[in-house]
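Notes follow once the structure below has been shown.
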């Protein structure tokens, strides 16, 4: 499905093209471009497709590359860092996620959501263990035979934020895009990923977040 015909004028003006120049590139008359933009003419599917392809191609050329808008300073954590280390780094830089590296290679990502999930599970586990301790202190510790199935496995103390390592709860690594990729091409990707890493010649040279994409708005 092709975009709305209204997009033709919007894209042409954004690119600084005259109707005559666009007509010449598309192989149609200037009058036809004028009539299409004014709504007085509805072009054939093939003509409209050709015009859109030309506009998209020109926009790709004029669009900044992802390496031009990415953050070159990559703030990251190691798989061996503690969750407390990650939290302090996020707070210091006002980040909601950080890439996780091992031997200079991205292996995962740690996020506020992931840490909160861990803290919730930890809180539930600590609450369960605390209940068991209360029973024991009252001198009425249940026998193994009478312990409910839901209590099995309890009693093991969960790790604190200073003890749990990033590598234990990290999420999959962010996607990596080539440095020459047009910035606007990763808009759909950034919607579903918290961040995107930028690679060049086998090395990670930058990171892109939603905040970086705002640089495209002029």
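The values are calculated or read from the model by the stated rules, or taken from the named source; none is laboratory data. Predicted model only: the values in this text are computed from it and were never measured. No Cβ is skipped: glycine too gets one built from the backbone with ideal geometry, and neighbour counts run over all protein chains shown.
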Worksheet item: Among the residues of region 194-212, is there at least one that is in a helix (DSSP H, G or I), surrounded by 18 or more Cβ atoms within 10 Å (Cβ to Cβ), touching a residue at least 40 places away in the same chain (Cβ under 8 Å) and touching a helix residue (DSSP H, G or I) at 6+ places or on another chain (Cβ under 6 Å)?
Response: yes
Practice prompt. Identify, from the list 59, 37, the residue that is at pLDDT below 90 and surrounded by 12 or more Cβ atoms within 10 Å (Cβ to Cβ).
Written response: 59
Worksheet entry | Any hit, region 166-178, residues being in contact with a helix residue (DSSP H, G or I) (Cβ under 6 Å, 6 or more places away or on another chain), touching a residue at least 40 places away in the same chain (Cβ under 8 Å) and exposed (fewer than 14 other Cβ atoms within 10 Å of the Cβ) | no
Worksheet entry | Qualifying positions in region 180-193 - part of a loop (DSSP other than H, G, I, E, B) and either without any contact (Cβ under 8 Å) to a residue 60 or more places away in the chain or more than 12 Å from residue 63 (Cβ to Cβ) (or both) | 193
